[in-house]
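Enquirer: This is the structure I want to talk about, given as structure tokens.
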Amino acid sequence: MAAKAREVKLIESCAAVLGWDQETMMPEGGVELRSAQLSHLARLSHQAFTSTEMGDLIAAAKSECAALPEEHPDRVDVREIERDWNKATKLPEALVSELAELSSKAMHAWAVARKASDFSQFKPWLERTVQLNRQKAECLGWEKGGEPWDALSDHYEPGLNAADVQRVFEPLRTRLQGLLDRLKGAPRKPSNAFNEHALAIADQERFVRFAAKRIGFDFSRGRLDRSTHPFCGGSHCNDVRMTTRYMETCVLDALGSTMHECGHGMYEQGLDATRIGLPMGEAAGLSVHESQSRLWENQVGRSRPFWTWAQTQLPAFFGDACDGFGLQDLVDGANVVEPGFIRVEADEGTYNMHVMIRFQLERAMIKGDLKVADLPGVWNGLYKDYLGLTVPDDRRGCLQDVHWSMGAIGYFPTYTLGTLLAAQLFEKARTDLPGLEEGFARGDFAPLLTWLRTNVHAHGRRYRLDGLCRKVTGQPLSADPLMRHLEGKLLPLYGLS
Ligand code: ZN
């Protein structure tokens with residue numbers, strides 16, 4: 001079974017490299033054939049994986065390892081491969097290849113529409129994407145009392161359903177809103193000056209690559225390139241492809257994006273290389289993935305200890321260009337809370353509001369309660385409601401994210417669930433590792449990475465989100481650590497405690 005499963009993953013890993021290439025290197029003229037290549041590979045891997053031969057191999061492997069403890073790596077591999085197989089065999093080959101072709105073309109159409117800030121150019125592609133995803137949900141099925149969105153989200157976060165997400169999001173929104181209201185009337189406003197300080201992009205690039213290496217990204221097993229929308233892809237733990245982006249006015253944007261993607265990249269690099277192509281060598285799910293990226297981006301990258309160290313490094317990359325900024329300016333710059341239009345530029349205080357809006361919208365589109373044609377208007381209405389903003393155009397509105405064009409529906413809530421897990425994991429790491437943050441101030445990040453390797457990365461797909469959270473922290477996933485983290489940092493910064 002393992003050999004056959006690895007064969008399928010070989011095909012998928014080829015597609016992953018082609019997908020990365022499409023976003024970073026491929027000339028525009030390549031779109032048509034690239035869509036055909038990706039669709040062909042999707043069909044091949046689907047055929048190989050859903051064969052009756054694979055079914056027989058799974059059955060044989062299952063009885064072979066029945067006597068092993070439930071958490072034994074071989075048993076976990078069989079359990080997860082069987083789960084994937086049960087789902088994949090429900091999907092017709094034609095739908096799988098059409099979805100792959102559509103997503104490659106729709107991503108291109110999205111990029112063009114976004115540039116022109118014109119939703120009407122993307123609308124037919126999104127309509128087709130929603131239509132095919134509803135078909136997909138029908139094929140996969142969902143639990144009684146659930147809804148089609150549940151079938152789609154299961155691919156990104158096994159077992160996640162819309163009702164559970166709603167139960168987490170509703171009280172979280174109220175608590176975040178309370179915090180944002182307090183900050184609005186605060187006596188101190190952190191300085192935004194460092195965010196508006198122009199620095200040469202070539203220098204920024206050298207600096208963020210240095211920071212990436214220092215926190216633990218292994219460049220001998222990964223790359224960092226540029227793309228419009230930063231992401232982390234690649235084919236396996238020894239070939240991780242991250243991207244970031246640069247803006248002249250804000251090194252914090254490039255640094256934040258890079259540290260975020262590094263969190264993803266270091267998770268991939270921390271997976272068991274002897275199990276490439278098998279579930280024990282794969283990430284647990286997207287929420288756990290996101291916990292790693294958010295932890296390095298926020299708990300580390302926006303902290304005072306991190307900036308205590310980073311400040312001493314600036315002259316080597318920027319000469320005297322940052323001389324006028326003290327430590328407090330850097331910490332302030334990294335932690336200004338200001339509602340904005342763009343999710344990937346959002347601060348820690350408002351970020352989750354962006355996610356909640358998208359969840360509400362995609363859930364409604366898949367349910368059939370929201371027509372794609374009405375998306376821009378409803379999107380803009382929710383931005384007014386959640387963040388008090390009037391969205392000026394589609395580019396800064398419903399065209400900003402790549403996800404729906406990729407066919408990724410059911411994905412967004414993993415960002416917030418991952419953010420909750422990041423805060424919970426970090427609290428535990430701090431207890432387990434005395435002096436952890438004093439180490440950051442000296443540029444020593446290795447203890448944290450080692451702790452994550454042992455407690456998270458090494459488990460592959462052994463545990464689901466909540467199981468992993470309980471295993472590592474002894475508690476179910478909760479919003480309390482995130483609120484403690486935000487209030488503990490932001491209230492003093494805003495002169496409120
Ligand atoms: Zn991420």
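The values are calculated or read from the model by the stated rules, or taken from the named source; none is laboratory data. Because the structure is predicted, anything quoted here is derived from the model rather than measured. Heads up, the Cβs are rebuilt from the backbone with ideal geometry, glycines too, and the neighbour counts pull from every protein chain shown. Accessible surface is based on the protein model in full, side chains and every heavy atom, while ligands, DNA and RNA are left aside. Shrake-Rupley method; radii C 1.70, N 1.55, O 1.52, S 1.80 Å.
Enquirer: By a straight-distance test (C-alpha under 16 Å), which lysines pair with Lys105 as possible cross-link partners, with residues fewer than eight away in the same chain excluded?
Expert: Lys115, Lys123
Enquirer: Given q = 0.10 Å⁻¹, what are the Debye log10 I(q)/I(0) values for the stretch 393-497, with equal point scatterers placed on the Cα positions and solvent ignored?
Expert: So the normalised log intensities are -0.42.
Enquirer: Specify which residue in the list His108, Thr129, Pro158 is farthest towards the positive end of the charge dipole of the chain, using unit charges on the beta carbon of Lys, Arg (+1) and Asp, Glu (-1), about the Cα centre.
Expert: Checking the options against the dipole of the chain, the answer is Pro158.
Enquirer: Also, quick follow-up: Stretched out fully, how many nm does the piece from Leu68 to Ile342 gain, at 0.36 nm a residue minus the Cα gap?
Expert: Value of the extension gain: 93.8 nm.
Enquirer: Rounded to the nearest 20 Debye, what is the dipole magnitude of the chain about its Cα centre when Lys and Arg each give +1 and Asp and Glu each give -1 at the C-beta?
Expert: 440 debye
Enquirer: Over the stretch 162-493, what relative contact order in percent results from Cα pairs under 8 Å that are six or more residues apart?
Expert: Across the stretch 162-493, relative contact order equals 22 percent.
Enquirer: What's the ranking of 253-261, 142-150 by average number of surrounding C-beta atoms within 10 Å, highest first?
Expert: Put in order of decreasing packing, that is 253-261, 142-150.
Enquirer: Right, next: When ranked by the protection proxy of mean other Cβ atoms within 10 Å per residue, highest first, what sequence do the peptides 91-98, 374-381, 465-472, 76-83 form?
Expert: 76-83, 465-472, 374-381, 91-98
Enquirer: If you line up the long axis of helix 446-455 against the longest principal axis of the chain, both from Cα atoms, how many degrees apart are they, to the nearest 10?
Expert: 30 degrees
Enquirer: Right, next: Write down the percent of antiparallel bridges among all DSSP beta bridges whose residues are both part of the chain, to the nearest 5.
Expert: Percent antiparallel among DSSP bridges in the chain is about 45.
Enquirer: Also, quick follow-up: How far, in degrees from 0 to 90, does helix 93-116 lean away from the longest principal axis of the Cα atoms of the chain, to the nearest 10?
Expert: Compared with the principal axis, the helix lies near 30 degrees.
Enquirer: Which one of Met25, His46, Val78 has its Cα pushed farthest toward the positive end of the charge dipole of the stretch 2-118, where Lys and Arg give +1 and Asp and Glu give -1 at the Cβ?
Expert: Comparing the listed Cα positions along the dipole, Met25 ranks first.
Enquirer: Turning to a different aspect of this structure: Do you know the Lys pair count in the stretch 162-493 for C-alpha distances under 28 Å, with sequence separation 8 or more or different chains?
Expert: 12
Enquirer: Follow-up. Using packing as a proxy for protection, rank 353-361, 304-312, 172-180, 316-324 so that the peptide with the highest average count of other Cβ atoms within 10 Å comes first.
Expert: The densest-packed peptide leads the list: 353-361, 304-312, 172-180, 316-324.
Enquirer: Counting heavy atoms of the protein chains only and a 1.4 Å probe, report the per residue accessible area for the chain as a whole number of Å².
Expert: 41 Å²
Enquirer: Mean residue ellipticity at 222 nm from the helices of the chain, using -39,500 (n - 2.57) per DSSP H segment of n ≥ 4 over the full residue count, to the nearest 500 deg cm²/dmol?
Expert: Dividing the helical sum by the residues of the chain leaves -20000 deg cm²/dmol.
Enquirer: If amide hydrogens are placed 1.01 Å from N in the peptide plane, which non-local residues have theirs closer than 5 Å to the one on Gly222?
Expert: Excluding prolines and chain starts, which carry no amide H, the hits are Val240.
Enquirer: Cys139 to Asp385: extension gain in nm, 0.36 nm per residue of separation minus the Cα-Cα distance?
Expert: 85.0 nm
Enquirer: Could you give the C-alpha radius of gyration of the stretch 162-493 expressed as a fraction of 2.2 N^0.38 Å, taking N as the number of residues it contains?
Expert: Relative to the rule-of-thumb radius for its length, the stretch 162-493 sits at 0.96.
Enquirer: Next question. Report, to the nearest whole %, how much of the accessible area of the chain belongs to carbon and sulfur atoms, 1.4 Å probe, protein only.
Expert: Percent of accessible area from carbon and sulfur atoms in the chain: 52.
Enquirer: For Leu327 and Lys213, what is the calculated FRET efficiency with R₀ set at 25 Å and r taken between the beta-carbons, to the nearest 0.05?
Expert: Result of the calculation: an efficiency of 0.65.
Enquirer: A further question on this structure: Putting +1 on Lys and Arg Cβ atoms and -1 on Asp and Glu Cβ atoms, find which of Met259, Ala408, Pro315 reaches farthest to the positive end of the dipole of the stretch 162-493.
Expert: It is Ala408.
Enquirer: Assuming 0.36 nm per residue, please report the length gained on full extension of the stretch Asp320 to Glu147 beyond their Cα-Cα distance.
Expert: Gain on extension, Asp320 to Glu147, equals 56.6 nm.
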